[in-house]
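Structure first, then comments.
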Amino acid sequence: MSSSTTYKQDLPPDGGYKKLDFSRVPARKIWNWYTIIPTYVVSTAVGIYLWRLNREQVRRERAENNSATVALMPLLIAEKDRNLLKTMRKIRDEETELMKNTEGWEAGTLYGEKVYKTSPEDEFVMPSFNEYYAHNKNEEFTKRFQFFFRF
Amino acid sequence: MPPPVIRTPFTDLLPAGYSHQFYGRCMKFEDRFLQCSEAYGAKLSEEKCLDYKNDLYECNSFEKQIKRIQVMQRERQKQIKAGERPKGKEYMEPPALNSYGGTFFGTHW
């Protein structure tokens, strides 16, 4: 089979292709150095001024909080200590009531034997944490233990 | 404290770093024991300062205190089982949450 179709070679146009445009397209200029630098300086100055005002306020509030804490602390600590002594008395009474049938038992001792032999009579001895909760349920002890000795 | 058996520059360089004297719980007991043993010397202090030593040991180990708690709690359970304690009053009321501790926060001696 033969055909008489004529083919035409695809060739560049006369005079060659159009030249590629490599030239730079610059962005539209809004900010020049003589606008950027003064704006920067002014905005920074205003920011520093406002920041200092804020810092003053923060310091004032912190001082107020601190002085309030300092004023309240003696009261709170005294209340806490009072509560501790009251509770110790309660524990002592509870112990005497509980161990009245045990022979030779005195409150604060192990069958009449002192816990600390050499500590003077008028010295305050802090009860250990377990002793402090000895007359409560074990749940109370664990709850409080987690409150006091968390790290 | 007796001097080390073999004394080298390293034993002088590395003494015991810790004691109860940094406001520890057993500060007073340790202080009394050390004062006593310093006064009596190594040999005499073994009998003269025995009470101080035992007190320091007790402060460290809670031995008597734990025994006390065990005895008391056993007694309480016995009484509860026998029905001697009034109902609803088997245990003491729990103390206030923040009442335990020394004057300053974090101190408990």
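Screening A:Asn138, A:Asn130 for residues that are of a type outside the set (Gly, Ala, Ser) and surrounded by fewer than 14 Cβ atoms within 10 Å (Cβ to Cβ) leaves exactly one candidate, A:Asn138. For region B:50-109, the candidate set comprises residues that are among the acidic types (Asp, Glu) and under 15 Å from the mean Cα position of the chain (by Cα); within that set, the residue that is farthest from the other protein chains (Cβ to nearest Cβ) is B:Glu63.
Picking from residues in region A:112-151 that are of a type in the set (D, E, K, R) and assigned to a loop (DSSP other than H, G, I, E, B), the one that is farthest from B:Leu97 (Cα to Cα) is A:Lys117.
Evaluate region A:64-84: report whether one residue or more is under 30 Å from B:Gly102 (Cα atoms) and touching a Pro at 6+ places or on another chain (Cβ under 7 Å).
For region A:64-84, residues under 30 Å from B:Gly102 (Cα atoms) and touching a Pro at 6+ places or on another chain (Cβ under 7 Å): absent.
Hey, does region B:26-40 have a residue that's surrounded by fewer than 11 Cβ atoms within 10 Å (Cβ to Cβ) and within 20 Å of the chain's Cα centre (by Cα)? No: region B:26-40 contains no residue that is surrounded by fewer than 11 Cβ atoms within 10 Å (Cβ to Cβ) and within 20 Å of the chain's Cα centre (by Cα). The set of residues in region B:45-84 being surrounded by fewer than 16 Cβ atoms within 10 Å (Cβ to Cβ) and not in a helix (DSSP H, G or I) consists of B:Gly83, B:Glu84.
Quick note: the coordinates plus some simple rules give every number you see, no bench work behind them. The model shown is predicted, which means the values in this text are computed figures rather than measured ones. FYI the Cβ positions are ideal-geometry reconstructions off the backbone, even for glycines, and counts take in every protein chain you see.
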